[in-house]
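Inspection log for the structure reproduced underneath, given as structure tokens.
The values are calculated or read from the model by the stated rules, or taken from the named source; none is laboratory data. No experiment lies behind these values; they were computed from the predicted model shown. All Cβ positions, even for glycine, are placed from backbone atoms using ideal geometry, and neighbour counts span all protein chains on display. Please note that ligands, DNA and RNA were not included when accessible areas were found on the heavy atoms of the full protein model with its side chains. Shrake-Rupley method; radii C 1.70, N 1.55, O 1.52, S 1.80 Å.
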Amino acid sequence: MTRQEKQEFLSNLEERYKTNEFVFLVGMSKVNASAALEFRAEARRVNAQCVVAKNTLSRIIVKDLSIKGLENHLSKQVLTVFTNNPVETAKLLEKYEDKGYTILGGTDKTSVFTQNDVKKLASLPSLSVLRSMLLSSILGVHTKTVRVLSESAASLVRLIAIASKNKNNQ
């Protein structure tokens, strides 16, 4: 890689760090090409971007962006995963752990995550599940209120019907 190519690569890498909310670092060992292609395809499905960069180049970016503690995870061969969808990406990383990938950590630009933090993130429900839970709790209150109000009116109608039936029978 020439000096100019390194500068372009660094600016591209820095742009990805800046434009994505979350960055995960994943160790790769004994990952064959087909497994890597499969992982990258699934990463694209959850809107994540994968980049393998030399650790020295990654350290330069991490230092420039003042992300303290992330450089400790930069050893051996590291895959950097950029995303704005952290829960789905963390679930993907956890899924591939037994296929040669190791979760090293990550960042949301304000704090550095450990491997356990990323696994906790993966255990959270997805955004669509959270939305449906919120919607059902909002609608549940209104549904119960309508049911209570309509039940009172229905009870009154039944009471009047019984009273009029009894009056007619007398």
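General observations
- Spin-label model, GLN49/LEU134: points 7 Å from Cα along the beta carbon direction are separated by 2.7 nm.
- Segment 74-115: equivalent-ellipsoid semi-axes (sqrt of 5 x gyration tensor eigenvalues, Cα, Å): 17, 14, 9
- Distance (nanometres) between label positions extended 7 Å along Cα→Cβ at ARG59 and LYS99: 3.1 nm
- The ALA35 and LYS76 beta-carbon pair, evaluated with R₀ = 22 Å, returns a calculated FRET efficiency of approximately 0.80.
- Nitroxide proxy distance, nm - points 7 Å out along Cα→Cβ at SER150 and MET1: 6.4 nm
- Inverse mean reciprocal Cα-Cα distance (Kirkwood Rh) of segment 57-144, Å: 15.0 Å
- Those chymotrypsin sites (Phe, Trp or Tyr not before Pro) in segment 37-99 that DSSP places in a loop and that have at most 15 other beta carbons within 10 Å: none
- Cα shape, segment 1-49, gyration tensor, a/c 1.5 rule: oblate
- Entry for P(r) over Cα pairs in 10 Å bins from 0, in percent (calculated from the structure that is shown) out of [x] 10, 32, 31, 21, 6, 0; [y] 9, 31, 26, 12, 8, 7, 4, 2, 0; [z] 9, 29, 23, 10, 7, 7, 6, 5, 3, 1, 0: [z]
- Surface composition of the chain: carbon and sulfur make up 56 percent of the accessible area, probe 1.4 Å.
- Helical runs assigned H by DSSP (4 residues or longer) give the chain a calculated mean residue ellipticity at 222 nm of -20000 deg cm²/dmol, each run adding -39500 (n - 2.57) before division by the residue total.
- For segment 1-52, the set of trypsin sites (Lys or Arg not before Pro) satisfying both a DSSP loop assignment and a count of at most 16 other C-beta atoms within 10 Å is given as LYS30.
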